[in-house]
Every structure is written in structure tokens, then in C-alpha cells.
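Have a look at the structure below before the remarks.
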Amino acid sequence: MSEPLFENVALIGIGLIGSSLARVIAAKGLARHVTIATRSAETLEAARALGLGDDYTLSNAEAVAAADLVIVSVPVGASEQVARQIGPHLKPGAIVTDVGSTKASVVRQMQPHMPDHVHFIAGHPIAGTEQSGPEAGFAELFEGRWCILTPTEGTDAGAIARLTGFWEACGSKVEQMDPEHHDLVLAIVSHLPHIIAYNIVGTADDLEAVTKSEVIKYSASGFRDFTRLAASDPVMWRDVCLHNKDAILEMLARFSEDLSSLQRAVRWGDGDKLFELFTRTRGIRRSIVEAGQDMDAPNFGRNARKPDGKAPAE
Ligand code: NAP
């Protein structure tokens, strides 16, 4: 194993993302020492039982005192509070980053609390699942996935290069973007799909003419794919909606317009319009598979056979 990239890493927040980082850091020997901090004694004990780090503390300030790299993995609405707690205790030269799903708000919340002697670079790994907590993480989560860094003007190029090297060592491909542009892109590729999923599952739940047992029984016809997104962590997604409000509202307005046009095509039996749209969207799916961002198996690989000939568990 080669030399670790960092001597001391502090992981603030040890849920799905924090614990996946802990696992990949350990698996690839990316740090000599890992300190884990989280808000509750219960989660801290779970992290300790899983052996995710070297030191464990409930104090964010204590966790960062010796750290060369600090990674904050908490819901975006908690970013300011964490930044305020760690700011005065950061070591000169330390790199501070986060993994939050919105970026302009995180930069606004954290930057003012960062002393001049540290390098703050916000980030977002585009990798996740609908699970949460320290048990849910796994070392391969970031493999082949993008990680977007959103440095602001004047950020030290050497620090950006070190953080880029870290994410690449975790298996990610790294890109840089303005925080505002990140938020617009993510509003359409992630935030809107989740809101639509929460909405459609909520609508089905409210139906009276179709029973809940029928919805569940026949869910494989499409509904099931929305339920995976709609099972995502409510705190995380509440914060994403509150902290990327403008971009989400802009995308929702466009979505509603396009939906009205689709509604009109259905009402007036405009088959050509429906066929044209459905053909265009099929092409998008093909591009995603070609870009290696999903598999080309029917039904998202659910019925694919494993090498041992058995069907995978769902
Ligand atoms: P998670 O599994 O729910 O873990 C959240 C962690 O943050 C826990 O350690 C929790 O501590 C701590 N926390 C929760 N509320 C807090 C608060 N108010 N103050 C301080 N700490 C708090 O969440 P996650 O999925 O890892 O998400 C973490 C971040 O990654 C979020 O910003 C999310 O937007 C981003 N992200 C998530 C995904 C995804 O698919 N899940 C993907 C990319 C990025 P306790 O358990 O001790 O309370």
C-alpha cells in the first residue's frame, strides 16, 4: 500500500456518506489516523462497533484539532452550526470540505466561519442510496461516480489538487463547477426526480378508488421504481428543498409547463406528439448507459442472473 494522502482525517457526520468515506479510507490506506465525530451517542457507538475509525468523539471541535482534512457529512441545514463549532479549532493549512447535496447554500453557511489559514472547498459526491446511518455505507459507493468540487475565487490550487487526488483515490471522477451552476444542474438531475417521486407515491397513498393493497400488488408496472427514490431520508430531502429553493422552483415551473402540454396531447389523442417525446427520451436512457452511469439490463438488472445462476435479492 502506498503512503497515505493525509496524516489525520476528521469525519464529521458518520451516516451513509461519512461511513462510506471511512470504509474507503481504510480499504485504500488514504489516512494514517481517522477521527469520527457525530451528534448522538447512539450513532457514535454504532460507528465504534463497526470499527470505522481510530478515535471517536461527540465534540466536533475536538475532532478537527489535529486534522489535515476535515469532511463534513451532515444534512445541509446543519452546515452553519458545524462550521461555527469547528472554525476556531482548525489547524493551519487544513483542508475543509463537505458532501452536501446543495452547494451555494453550504458555501454561504460555512465560508464565513472558516479562518484565513485553512482551505475551504465545498464538494458533492454524486453517489448515494436511499439508506441512511453508519451501517448503510460501503467502500465502493464512490467507484466510477462523479464528485463535483465548487471552489470559490482565490481558492488555493494546491489544496484543490490534493482534494481532487483524494476523491480520485476513492474511485471518483472529479469535476469543478460554480456552486450556483451545480445547484441548477442537480435540481433537474436529482432534486426534481425526488420531488416527483415523493409526489407520485403520496398521490397513490391518498387514492380511494384504488386500494393500497392493489398499489403494492401491481407496483412492478412502474410505481416501484418511484418508491425507491421516495424512500430516501426525509431530513436530508427536506433540507435539500429548503436550501436549493430557487433552482428547484425554476425547474418545477418548466416541468409543470411540459406536463400540461403532455396532458393536452393525451386529452386530444395527439399520438404523434406522444410518440415523438417517448422516442426522444428513450435516446437519453441510451446515453446514460453508454456513459457508464447505469447498466443495460432489462428492468434495471432486477431479473439479471448472478454468476452463480441465482437471481439477486431485491
Ligand atoms: P445520514 O446517513 O442520515 O447521516 C447523517 C449524519 O449527520 C449522522 O452522523 C447524523 O448524526 C448527522 N446529523 C444529522 N442531523 C444533524 C444536525 N442537525 N447537526 C449535526 N449533525 C447532524 O445522511 P447521509 O445520507 O450520509 O447524508 C449526509 C450528507 O450527504 C447530506 O448533506 C446529503 O445531502 C449528502 N449526500 C447524500 C447522498 C445520499 O444519497 N444519501 C448522496 C450525496 C450527498 P446522528 O446520527 O448522530 O444524529
Using alpha carbon centers only, the range 144-211 is separated from the range 103-122 by a whole-angstrom value of 18 Å
Signed unit charges on C-beta, dipole axis of the chain, positive-most listed residue I95, A230, G158
A230
Cα-only Rg/Rh for the chain with Kirkwood Rh rounds to 1.01
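Of all alpha-carbon pairs in the range 182-246, indicate the percentage at a distance above 13 angstrom.
Within the range 182-246, distances greater than 13 Å cover 66 percent of Cα pairs.
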So if I take the centroid of the Cα atoms in the range 1-51 and the same for the range 67-97, what is the distance between those two points in Å?
15 Å
How large is the helix-only mean residue ellipticity at 222 nm for the chain, computed as the sum of -39500 (n - 2.57) over DSSP H runs with n ≥ 4, divided by its residue count, in deg cm²/dmol to the nearest 500?
-14000 deg cm²/dmol
How large is the accessible surface per residue of the chain, computed with a 1.4 Å probe and reported in Å² as a whole number?
55 Å²
Placing each pseudo-label 7 Å from Cα in the direction of the beta carbon, A161 and A231 end up separated by a distance in nanometres of 4.4 nm
Looking at the chain, how many pairs of lysines come closer than 29 Å at the Cα, when each pair is eight or more places apart or spans two chains?
12
Extension gain from R282 to L252, taking 0.36 nm per residue of separation minus the Cα-Cα distance
8.6 nm
Return one number: the angle in degrees, 0 to 90 and rounded to the nearest 10, between the long axis of the Cα atoms of helix 16-28 and the longest principal axis of the Cα atoms of the chain.
60 degrees
Loop-only chymotrypsin sites (Phe, Trp or Tyr not before Pro) in the range 59-143, please: DSSP not H, G, I, E or B, and at most 16 other Cβ atoms within 10 Å.
F138
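The values are calculated or read from the model by the stated rules, or taken from the named source; none is laboratory data. Note that the structure is a prediction, hence the values are computed from the model and not measured. Cβ: placed from backbone, ideal geometry, glycine included. Neighbour counts: every protein chain shown. Please note that ligands, DNA and RNA were not included when accessible areas were found on the heavy atoms of the full protein model with its side chains. Shrake-Rupley method; radii C 1.70, N 1.55, O 1.52, S 1.80 Å.
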